[in-house]
1. Using label points projected 7 Å from each Cα along Cα→Cβ, tell me how many nm separate LEU211 and ALA159, to one decimal.
2. Give the long-range amide H neighbours of ILE149: residues separated by 5 or more places, or on another chain, with amide H under 5 Å away, using H modelled in the peptide plane at 1.01 Å from N.
3. Holding the Cα-Cα limit at 26 Å, pick out from LYS250/LYS318; LYS406/LYS435; LYS184/LYS225; LYS78/LYS318 the pairs that are longer than that.
4. Where in the range 58-80 is the amide nitrogen less than 13 Å from a point lying 7 Å along the Cα-to-Cβ axis of GLU130?
5. So how much slack lies between ASP241 and ASP28, counting 0.36 nm per residue of separation and subtracting their Cα-Cα distance, in nm?
6. Please go through the range 48-132 and write out the chymotrypsin sites (Phe, Trp or Tyr not before Pro) that DSSP classes as loop and that have at most 11 other C-beta atoms within 10 Å.
7. Output ³J(HN,Hα) for the range 291-299: one whole-Hz value per residue in order, computed from phi by the Karplus curve 6.51 cos²θ - 1.76 cosθ + 1.60 with θ = phi - 60°, and x for Gly and Pro.
8. What spacing in nm lies between the two simple spin-label points modelled at GLN49 and VAL198, each 7 Å away from Cα in the Cβ direction?
Amino acid sequence: MPARYNPYRRHSPQPQKPIPAQLTLLIDQDPKEFDAILEEHHYLGSRCQAGDYMRLRVFSEGDLVALLAFGPCSYALKDRDRHIGWNNRMRAERQKLIVQNRRFLLLPDKGERPNLASQILGAVARKLPELWEKRFGYQPLALETFTDIEAFHGTCYKAAGWEALGKTKGFSRHRSDTVDAEGKPKKLWFKPLRPNAVDLLRAQELPAECLPGARSSGHGVMPLKPEQMLSLYECLRRFPDPRRHNTTFKQAAILSIVVMAQMCGRTTISDVVRFGQSLTQAQRRELGLPRKEKGENFRKVPAYNAYRNLLGQIGPEKLAAHLSGWLQSQNGTLPGTVALDGKMFKDISGVITLAEAETGLPTGMAPMRHKKKGGDGELTCGRHALKHAGDLSGRTVTGDALHADKTTGRQILEQGGEYMLQVKNNQPTLHKYVKRITKDAPLFSGGKNVGMADT
């Protein structure tokens with residue numbers, strides 16, 4: 001929450017002064033003076049510099065009205081990571097795309113300029129991506145901050161469109177390896193910097209202006225907890241190995257790497273190879289990967305051909321059923337919204353996944369050979385994945401235009417669920433019908449529901 005102090009005021013205060021129409025944000029050029037003011041007048045002081053760090057001065061009609069400091073986001077926040085849908089590895093690689101408002105010092109006296117704090121926060125949300133890109137070479141996608149729940153309500157953040165995601169547990173990091181238990185929980189606030197920011201933060205591909213900020217080291221960071229990784233390995237160890245020769249690498253190890261790589265958005269064998277190469281020696285040992293030389297501690301990881309050969313021989317139907325059982329045991333009941341999505345490993349093999357919309361983690365799988373129509377294509381295999389999901393009561397299934405099909409829609413309804421399926425020009429008659437009946441209609445209305453089963 002902003003503190004208040006202004007030694008730069010040019011004239012005496014004028015109570016209830018109208019909020020100026022324009023605010024100017026400038027990157028600070030005198031960090032020593034900036035930090036000295038924070039140290040003296042902000043209740044948290046100025047010691048918060050780390051990583052990509054920016055000091056901003058905000059001016060209104062020539063008057064300095066606020067100081068703000070921005071830096072890296074917190075490494076792990078349960079409520080934030082759940083809101084975005086980050087697993088551990090994705091968070092490690094993309095954490096720089098969230099910037100934390102570390103300090104906010106409001107200079108005018110309380111009541112002198114009503115709503116100025118929220119107006120400044122709004123201006124920052126509009127301008128910061130451009131300033132950040134000029135300074136650090138990439139655009140962030142969201143902001144976060146904390147307020148002390150014992151002292152502040154966070155009204156200015158709420159008025160500026162920030163969302164309260166929850167409360168912290170009251171711990172703070174001290175140095176790099178210890179955590180202090182302060183016992184003072186704080187409210188976590190989150191602000192997307194563009195309408196689809198949350199979707200982009202967990203998307204497989206990022207806009208070009210964000211890519212340089214998504215290259216943090218994810219070396220050794222897994223999408224699963226250690227006990228989950230071992231559980232996955234044990235599950236896959238019980239799956240029959242179709243290979244007769246060249247079994248240097250255990251099948252369970254290779255498939256575990258493939259599954260975890262896919263959870264991190266990897267969709268090609270080359271990406272899976274790179275994921276395997278990033279495993280630490282301890283993780284390689286847990287997966288039973290072989291030593292390079294007898295007696296050495298260094299362990300090898302599979303190369304491209306090892307993945308290609310195994311995926312080409314394996315029985316996808318049986319593997320999908322095997323994995324679906326493990327996924328359901330780990331995730332429990334299905335969430336409120338699930339999504340159908342198909343991925344191919346080039347032209348070798350593919351899988352249709354029924355995934356949590358909130359987190360992107362799969363809850364069921366079915367094999368597929370291609371993305372076209374047919375008995376082993378994505379559309380038909382998607383229905384198999386839905387069938388294995390069982391009761392869909394109270395849940396909404398989403399899917400892209402490929403799944404906008406009467407049979408799929410009817411199956412979802414028969415299993416007790418609802419659906420939201422995209423319609424494009426691949427079904428011209430349906431597309432024209434939907435455009436016609438929704439023309440000039442408000443976004444939300446009490447009119448007739450439109451569904452595939454009605455058309």
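Rule-based calculations on the coordinates, nothing more; no lab input. Since this is a predicted model, take the numbers as computed values, not measurements. So basically every Cβ, Gly included, is an ideal-geometry build from the backbone, and we count neighbours across all protein chains shown.
1. A separation of 4.2 nm, rounded to one decimal place.
2. LYS187
3. Values: LYS250/LYS318 18 Å; LYS406/LYS435 18 Å; LYS184/LYS225 28 Å; LYS78/LYS318 35 Å.
Pairs exceeding the cut-off: LYS184/LYS225; LYS78/LYS318.
4. Label zone hits: none.
5. The ASP241-ASP28 span can extend by a further 70.5 nm.
6. Working: sites: TYR53, PHE59, PHE70, TYR75, TRP86, PHE104, TRP132; in loops: TYR53, TYR75, TRP86.
Counting only loop positions with at most 11 other Cβ atoms within 10 Å, the chymotrypsin sites (Phe, Trp or Tyr not before Pro) in the range 48-132 are TYR75.
7. Working through the residues one at a time gives 6, 5, 10, 4, x, 7, 8, 5, 10 Hz.
8. 3.6
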